[in-house]
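Okay, so here's the structure we're looking at.
The values are calculated or read from the model by the stated rules, or taken from the named source; none is laboratory data. What you are looking at is a predicted structure, and each value in this text was computed from that prediction instead of being measured. Cβ: placed from backbone, ideal geometry, glycine included. Neighbour counts: every protein chain shown. Ligands, DNA and RNA are stripped out before the accessible areas are found, and what is left, the full protein with its side chains, is counted by its heavy atoms. Shrake-Rupley method; radii C 1.70, N 1.55, O 1.52, S 1.80 Å.
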Amino acid sequence: MNVIFLDIDGVLNTDRWEALCLSEDIELEDKFGITFDDISIANLRTIISRTNASIVIHSTWKLHHDVEWFVDMWNTRNLPGFIISITPNIAPDYDKHNEISMWLKLHPQISQYVILDDEKEFVSPLSEHHVLIDGFCGITMSNAEKAIKLLL
């Protein structure tokens, strides 16, 4: 099974999108909060269609929402792929590296994975699976191509 560990802020929720929405009077929020960058979503769709990867949320959004809330948002917004899980919250600090490592330990059947995140907080071996996203523009086609190579 292929898995995408997906951050939200700076990956799907971008500065470019917010500026575009404000300048063109596009609705920026819905009942779930801020909407997501259409280009980032298109590039995520490309990754998923080429790799059949499932999504595990590792964003700080998970601190306030459970997996059912994410699935509801995904379905309502008609976003690509399927959310299968969220990473655990490891007290006392929110640490993406440790939480992804723990999730992978609990799911040893995962053979290929990629981490889409706009922060550089991963060390080896996770760093070898990290695609660094520019928080201004979100997932680019170049990011998508790198993610596809890592998953295939």
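A few remarks follow.
- Residues (open to solvent by 40 Å² or more (accessible area, probe 1.4 Å) and outside any loop (DSSP other than H, G, I, E, B)) located in the stretch 97-128: Asn98, Met102, Lys105, Leu106, Gln112, Ser127, Glu128
- Residue tally, condition open to solvent by less than 40 Å² (accessible area, probe 1.4 Å) and either touching a residue at least 40 places away in the same chain (Cβ under 8 Å) or in a loop (DSSP other than H, G, I, E, B) (or both), over the stretch 42-66: 14
- Residue match in the stretch 139-148 (condition: in contact with a Lys or Arg (Cβ under 7 Å, 6 or more places away or on another chain) and of a type outside the set (Gly, Ala, Ser)): yes
- The numbered conditions (1) over 16 Å from Ile133 (Cα atoms); (2) open to solvent by 50 Å² or more (accessible area, probe 1.4 Å) are all true for Asp38 except (1).
- Considering residues of the stretch 8-35 that are surrounded by 15 or more Cβ atoms within 10 Å (Cβ to Cβ) and of a type in the set (S, T, N, Q) only, the residue farthest from the chain's Cα centre (by Cα): Thr35
- Test for Thr87: is it within 13 Å of the chain's Cα centre (by Cα), open to solvent by less than 20 Å² (accessible area, probe 1.4 Å) and of a type in the set (Ser, Thr, Tyr): yes
- Of all residues assigned to the stretch 75-88, at least one qualifies as being outside any helix (DSSP H, G or I) and modelled with pLDDT under 95.
- Test for Asn78: is it out of contact with any strand residue (DSSP E or B) (no Cβ under 6 Å at 6 or more places or on another chain), open to solvent by 30 Å² or more (accessible area, probe 1.4 Å) and at positive phi: yes
- All conditions in (1) in contact (Cβ under 8 Å) with a residue 40 or more places away in the chain; (2) open to solvent by 20 Å² or more (accessible area, probe 1.4 Å); (3) over 14 Å from Asn43 (Cα atoms) hold for Cys137, with the sole exception of (3).
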